[in-house]
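Notes follow once the structure below has been shown.
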Amino acid sequence: MYKPYYDGANKKVLWQELWRHEFEAALANDPVVIIPIGSIEQHGPHCPMDVDISAPFYMAVEVAKCIEDFPVLVAPPVWSGFTHYNMGFPGTISLRLETFQNLLIDVFRSIHANGFERIVSVNGHGGNHAPCRAVSWAIAEEDIFTLSFSWWDMVEKELREWSATDEGVGHAGEWETSVQLHLREYLIDQTRLASDDTGTQPFKGELAFAEFAERRRDTAK
């Protein structure tokens, strides 16, 4: 399994693992802070509930470890998002829209108050996309400037070109499932990949998903 956490030998990039003097050193070198934002919700019969937060979190960590020109820190993830439309499915945890947006505003304000001027939020849940953008615009009135995007925005062309089975279905489809197979294959129930309540089978060729993710992985570099 890919380990994002500091083990005494690898590069330390997680906000919560830093010592105070490491923050001071980072602030002296024009740092960037990445905030992974996601959701806890159902992802079909084959994926775990944390797909929407695990993907941007792992991607943010990989980017932070690759960049050497300036410090890149990964803030603690915002785990719960705006997903009221999934509340009919077991396991879903949703915040009210105003709660979610106020949470983001407080997180942005806190990070900025620490002295960080370059703040990036990377979202992994479709329902968060518009609320995250709205928060970025609103917080700019306080001279707190953030870059907000969903991870698939950066590689949508490549994802569609590489998609072999479902022509780019997002939620629990080829894109998300392939990323999860690359990161945490043991959490994907591959015996249920062909199960679908609508009667269709969008997961044909599931064994190719891991290769799909291997190709996608390099786009972060």
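As a footprinting exposure proxy, order 178, 80 by other Cβ within 10 Å, with the fewest listed first. Provide the component values of the computation, followed by the final result.
Details: 178 27, 80 21.
With the sparsest Cβ surroundings first, the list reads 80, 178.
So if each residue of separation counts as 0.36 nm, and I subtract the Cα-Cα distance between residue 93 and residue 190, what length gain in nm does that give?
On the way: separation 97, 0.36 × 97 = 34.92 nm, distance 2.45 nm.
Length difference between fully extended and current span is 32.5 nm.
What ranking of 83, 99, 177, 92 emerges when the number of other C-beta atoms within 10 Å of each C-beta is taken as an exposure proxy, fewest first? Each step should come with its number before you reach the end.
On the way: 83 23, 99 12, 177 28, 92 17.
Lowest count first: 99, 92, 83, 177.
Sort 154-163, 55-64, 125-134 by packing, meaning the average of other beta carbons within 10 Å per residue, with the highest value first.
On the way: 154-163: 13.9, 55-64: 22.6, 125-134: 19.6.
Packing order, densest peptide first, comes out as 55-64, 125-134, 154-163.
How much length is gained if the chain between residue 7 and residue 163 is pulled fully straight, taking 0.36 nm per residue apart and subtracting their Cα-Cα distance, in nm to one decimal? If you can, show how the numbers build up before the last one.
Numbers: separation 156, 0.36 × 156 = 56.16 nm, distance 3.54 nm.
Answer, rounded to one decimal: 52.6 nm.
Taken together, the values in this text are just the output of simple stated rules run on the coordinates, not laboratory data. Please read all numbers here as calculations on a predicted model, not as lab measurements. Cβ sites come from the backbone with ideal geometry, for glycine too, and all protein chains shown count toward neighbours.
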